[in-house]
Amino acid sequence: QKRNPNEEEFHQAVKEILDSLVPVIAKQPKYMKAGILERLVEPERLIMFRVPWVDDQGQVRVNRGYRVQFNSAIGPYKGGLRFHPSVNASIIKFLGFEQILKNSLTGLPIGGGKGGSDFDPKEKSDDEVMRFTQSFMTELCKYIGPDADVPAGDIGVGAREIGFLFGQYKRIQGGNQAGVLTGKGIAYGGSLARPEATGYGTVYFVNEMLQAQNLTLNGSTVVVSGSGNVAIYAIQKAVQLGATVVACSDSNGYVYDPSGINYETVQRLKEVERKRISDYVKEHPTATYHEGCQNIWSIPCDIALPCATQNEIDEDAAKLLVKNGVKAVAEGANMPSTLAAIDVFLENGILFGPAKAANAGGVAVSALEMSQNSMRLAWTFEEVDEKLHQIMINIYNSSAEAAETYGYPGNLVVGANIAGFIKVADAMLAHGVI
Ligand code: NDP
């Protein structure tokens, strides 16, 4: 804490991981001697830069850009870019740190990174977003590349932003640069099923957690927070597997419909029309809109899928979910549950899928996009979806097995952290003290 003052989110992520690595360090003192933990929590580098741009009124604005290249032991840095006013070094570092073990868990050769800016794309014109992203990429392009660091999207960075970022990178570097970003449009090297991957993957993961206990998604009631990229496709897949999704939200409030949320309306409102979730009730009179997003967790459900942002489920919300009979919680967002909330779930025997396992489908398909770019070919939607499904099954199995082996059966927080850690730690050992 002395070394990284005022970085609360980063401290929280580090505490969650280090606490759960105690059993593996106890069994494997070689990691301690080699300073693996000390090196793991220190980014290889953190780049911060000025992003000046001109708004539609001709006024110069200045935002701050970040890229953390956290760990490249098992492959090039890989992780999304977030554009949101809350972005600061602590948030980028917590996300980058989590990404190391998440990427390792996918079984694919990708290291951990993350980046973004405190720029808010909401209510900006397309031209303003383009000018900002071009300025952002003009600096970022010095540090990334298809074999070095491959960013993707995250909060506030979707198809539009990735398109502008890619265009500017290509303009500066020239040539075929498909491998430098993932989440690209299909017309210029994107992968089918990448937009769906994080949401679908989270639901595939929940399916595995439930099946292991002879439970099923079919017929269950689900609450999904958020209404962005992850939430939309989590809703779609949960409905396809027979669940009723009764609520979703944005940062202003939530909509509730006991007869089920229509994901096509949510998708059009948010992805195409860029409207607020409150507009949903204008088209679906059976639904009600409630101001304030936090109360979404007071809705009784069998399964809760937090898919919006960090720390959206605190201890009280977790207790309410438990009281109302929740059976499983899986994190589509990164670190949506506070440490106290996770304790509530684990102490009450709730099936809990931590983010780095449950939402790893997005980065996994990003890595598949990189493979397709390198091979100069494109797989079908079904091929990518099948690979994603298998990766999520593998992540569940390796997390469950590691939890069992290290004496915490059923605890997927411990299991995912240990399973992700061992591969990275062994690679770091092999590389010597660097
Ligand atoms: P989007 O920008 O597409 O959507 C974010 C959603 O969360 C919006 O509905 C947004 O509402 C809501 N939200 C954002 N900030 C807050 C807040 N402070 N309080 C309440 N609601 C908020 O982002 P994604 O769907 O891509 O990302 C969601 C989460 O999933 C993030 O934690 C991200 O890191 C994680 N994730 C994303 C992956 C991906 O592939 N996209 C991969 C793995 C994890 P509003 O519109 O009002 O801001």
Taking the stretch 273-290 on its own, how many of its residues are within 13 Å of the ligand (Cβ to nearest atom) and either over 28 Å from Leu351 (Cβ atoms) or at pLDDT below 95 (or both)? 7
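Residues in the stretch 15-37: is at least one under 30 Å from Met137 (Cα atoms) and outside the structural domain of Met137 (by TED's automatic domain parsing)?
Within the stretch 15-37 (the criterion being under 30 Å from Met137 (Cα atoms) and outside the structural domain of Met137 (by TED's automatic domain parsing)), the answer is no, since none of the residues qualifies.
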From Leu192, Leu105, residue being surrounded by 24 or more Cβ atoms within 10 Å (Cβ to Cβ), within 16 Å of the ligand (Cβ to nearest atom) and more than 30 Å from Asn252 (Cβ to Cβ): Leu105
State whether the residues of the stretch 362-373 include one that is assigned to a helix (DSSP H, G or I) and under 18 Å from Ser225 (Cβ atoms). yes
Within the stretch 244-255, can one find any residue that is away from the ligand (no atom under 14 Å from the Cβ) and assigned to a loop (DSSP other than H, G, I, E, B)? no
Among the candidates Cys293, Cys301, which residue alone is in contact with a strand residue (DSSP E or B) (Cβ under 7 Å, 6 or more places away or on another chain) and more than 16 Å from the ligand (Cβ to nearest atom)? Cys301
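Residue under question is Leu368, and the condition is that it be in the same structural domain as Gly325 (by TED's automatic domain parsing) and under 19 Å from the mean Cα position of the chain (by Cα); does it hold?
Answer is no for this residue.
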The listed residue being within 14 Å of the ligand (Cβ to nearest atom) and either over 18 Å from the mean Cα position of the chain (by Cα) or not small (Gly, Ala, Ser) (or both), out of Ile395, Ile342, Ile350: Ile395
What number of residues within the stretch 173-204 are outside any loop (DSSP other than H, G, I, E, B) and within 14 Å of the chain's Cα centre (by Cα)? 10
Take the residues in the stretch 1-26 that are within 20 Å of Leu346 (Cβ to Cβ) and buried (at least 19 other Cβ atoms within 10 Å of the Cβ); name whichever of them is nearest to the chain's Cα centre (by Cα). Ala13
With criteria (1) touching a residue at least 40 places away in the same chain (Cβ under 8 Å); (2) farther than 20 Å from Asn394 by Cα; (3) outside any loop (DSSP other than H, G, I, E, B), Met335 comes up short on (3)
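The values are calculated or read from the model by the stated rules, or taken from the named source; none is laboratory data. Predicted, not measured: the structure shown is a model, and the values here were computed from it. With ideal geometry, Cβ positions are generated from the backbone for all residues, glycine too; neighbour counts draw on all protein chains shown.
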